[in-house]
Amino acid sequence: MAALQSLLIAQGLADDKMLERAARVAAESGRRLDHVLTQLGIVSEKDLARSLGVLLGAPITEPDRYPRAPVFPDRLRSKFLRKAHAVPIAVEHDKLVVAMSYPLDAFTARAIAAAVRLPVVTEVAIPVELEAALDRLYPEADATAGADDESLGQDGFEDDTERLKDLASGAPVIRLVNQLIARAVESQASDIHIEPAEDRLRVRYRYDGVLQEEESPPPRLSAAIVSRIKIMSKLDIAERRLPQDGRLKLTVRGQEVDFRVSTVPSLHGETVVLRILDRNAVELDFANLGLPSVIAERLTSSLSLPNGIVLVTGPTGSGKTTTLYTSLLQINSVARKIVTVEDPIEYQLGGINQIQVKPQIGLNFASLLRSILRQDPDVIMVGEIRDIETAQIAVQAALTGHLVLSTLHTNSAAATITRLRDMGLEDYLITAVLRGVLAQRLVRRLCPHCRQSYTAPDELIEGFALDQRTDVWPIKLWRAVGCLQCRHTGYRGRQAIAEFLVPNEEIEHLIFARADHVAVERAAVAGGMVTMFNAGLDAALSGATTIEEVVRSIRAEA
């Protein structure tokens, strides 16, 4: 263990004080040091696995290396393997390869070798992946299967809330829910969808905006799993007829993670969606969002103005709130008082006053905005302008010397002016307060480990006028392939593609002339704006994404 500690220090993953603290906790609790290191958040499971691999000269077990069926099931009991955190993988060169989350445990390796009468070679397993393999290969050994079938049946769930609470508080269901959440956080999913069907319980994780189905828990546990999540979120488990919303905070693999929880009744039970709000997985920086430097500079320039309204537009799930948070952090300082009104608050920002909307008690955007103006703020962020009342108060705030940031649902920057007009704002007010509009979409980034370049066919070059966007010949594009790093999707992460409209004199004339969004966009392009679609083509030419992604995210909604 001393060698492991020295290696962690050499790799810059921990320092002496951290390791002393972990060693003290391990001694007091009687737990192994590796468990304490991950639970305290000093070292992540992946980093610890890599360090163990370096220390032992052993490879990391990849997820697709785990067998399809148990190896030596007649000689190795599932109960022993679960307790030892080990999974036999295959016999190779007359040796049994075993994945272990703690390969320094020589006793387990010797015990397995004695049981199968073969030498054992160990590989280093990432715990969350090893647990998933154990659940798949040894379902009969799962703690959930050890519970009494009658007590886990669906009969009586509808009428026996206390019984359901007992099941949801039992070790089998707690362990299962914790595993579902841990896997999602570890694999950097953004949402967990739990959906009961007639004969199964479907679980899906959302990666980079696209849902992927995961291994389903036993359907008999549907109601207990939903109840467990409701208990964790402080929701009413007896109320199954109405939707409920809640939040919870958990320490997952040593990291504190917030979750937004929504339950909705459906035909076969309640569906649950957990939005994962992992502040550590989100980098609030314009460059990391994928915004070009030109747009970032124009947006920053608008944010430095003393008053006015700056809007971020796009459909639901296009990253508007993340862009606003990044903007707030850019201008956050001791000299500026910043207040936000949100529904809901997604991430907590240091030094910024964040207020949650509560419509059930009359605390909506408009009423809160009125009260905030009496708090002497410099900058106000309104989560969304949804109605004329909120829009009018926002305009009033901008006219009286405040900088207002907000979002709107429109398909383009130019369409924002039409939308504000349709909401009931006068043209002279729009021109007086509007300082800039950022319209954006999110496209999936190509996985840098497996993407492949190819020569663009003539049809694509002609159809998208690609020859007018690059001087390089032949024109190269990139395609998604798929590998372990990107879960075989070909994509890893997302980035914004955007357009930024700054109202100039020509656009102001068009607003007063009540011109449509097409004319406004034409004038903006003449003034130097790069349209969102062209920005997407530039991203595709640079190898950041694909033409297909750009068309899917923009043309489908245009």
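The values are calculated or read from the model by the stated rules, or taken from the named source; none is laboratory data. Note that the structure is predicted; figures quoted are calculated from it, not measured. All Cβ positions, even for glycine, are placed from backbone atoms using ideal geometry, and neighbour counts span all protein chains on display. Ligands, DNA and RNA are stripped out before the accessible areas are found, and what is left, the full protein with its side chains, is counted by its heavy atoms. Shrake-Rupley method; radii C 1.70, N 1.55, O 1.52, S 1.80 Å.
In order along segment 184-199, the phi-based Karplus estimate (6.51 cos²θ - 1.76 cosθ + 1.60, θ = phi - 60°) of 3J(HN,Hα) comes to 5, 5, 5, 8, 6, 6, 9, 8, 10, 10, 10, 10, x, 10, 5, 10 Hz; Gly and Pro are listed as x.
What the phi angles of segment 525-533 give under the Karplus curve with 6.51, -1.76 and 1.60, with θ = phi - 60°, is a coupling list of 5, 4, x, x, 6, 8, 5, 4, 5 Hz, glycine and proline written as x. Recomputing percent of Cα pairs over 29 Å apart from the coordinates shown identifies the correct label among [x] 51; [y] 58; [z] 64 as [z]. Close Lys pairs in the chain (alpha-carbon distance under 23 Å; sequence gap of 8 or more, or different chains): 16. The slack in the chain from D94 to E20, taken as 0.36 nm per residue of separation less the alpha-carbon distance, amounts to 22.4 nm. On C-alpha positions alone, give me the angle between the axis of helix 293-303 and the longest principal axis of the chain, in degrees, nearest 10. On a 0 to 90 degree scale, this one is about 70.
Projected over all directions and averaged, the alpha-carbon convex hull of segment 480-558 occupies 6.1 nm².
The calculated FRET efficiency for the pair K46 and R336, based on their C-beta separation and a Förster distance of 35 Å, comes to about 0.35.
Relative to the dominant Cα principal axis of the chain, helix 222-232 is inclined by about 70°. Could you tell me how far the Cα centroid of segment 1-27 sits from the Cα centroid of segment 359-387, in Å? So the two Cα centres are separated by 48 Å. Expressed as a whole percent, the accessible surface of the chain that belongs to carbon and sulfur atoms is 49, based on a 1.4 Å probe. Solvent-accessible area per residue in the chain equals 47 Å², computed with a 1.4 angstrom probe and all protein chains kept. Calculate the length of the line joining the C-alpha centroid of segment 451-509 to that of segment 180-225, in whole Å. Using only Cα atoms, the two centres lie 32 Å from each other. Karplus-based coupling profile of segment 491-501, in residue order and whole Hz: 10, 8, x, 9, 9, 8, 10, 8, 9, 10, 9, with θ = phi - 60° in 6.51 cos²θ - 1.76 cosθ + 1.60 and x standing for Gly or Pro. Here segment 89-118 and segment 511-531 have alpha carbon centers that stand 69 Å from each other. Distances between placed amide hydrogens fall under 5 Å for T122 paired with V98, all partners being 5 or more residues away or on another chain.
Roughly what angle does helix 127-137 make with the longest principal axis of the chain, taking Cα atoms, 0 to 90 degrees, to the nearest 10? Roughly 60 degrees, rounded to the nearest 10. Highest mean first, the peptides 409-416, 454-461, 4-11 sorted by other C-beta atoms within 10 Å per residue fall in the order 409-416, 4-11, 454-461. Helical runs (DSSP H, four residues minimum) scored at -39500 (n - 2.57) apiece and divided by the length of the chain put the mean residue ellipticity at 222 nm at -11000 deg cm²/dmol.
What share of Cα pairs, in percent, lie more than 19 angstrom apart in segment 1-139? Distances greater than 19 Å cover 51 percent of the Cα pairs.
Once a ≥ b ≥ c are taken as the square roots of the eigenvalues of the Cα gyration tensor of segment 346-404, is the result rounded (a/c under 1.5), prolate (a/b larger than b/c) or oblate (a/b not larger than b/c)? It is oblate, given that a/c is not under 1.5 and a/b is not larger than b/c. Sequence-distant contacts, meaning Cα pairs under 8 Å at least 6 residues apart, place the relative contact order of the chain at 9 percent.
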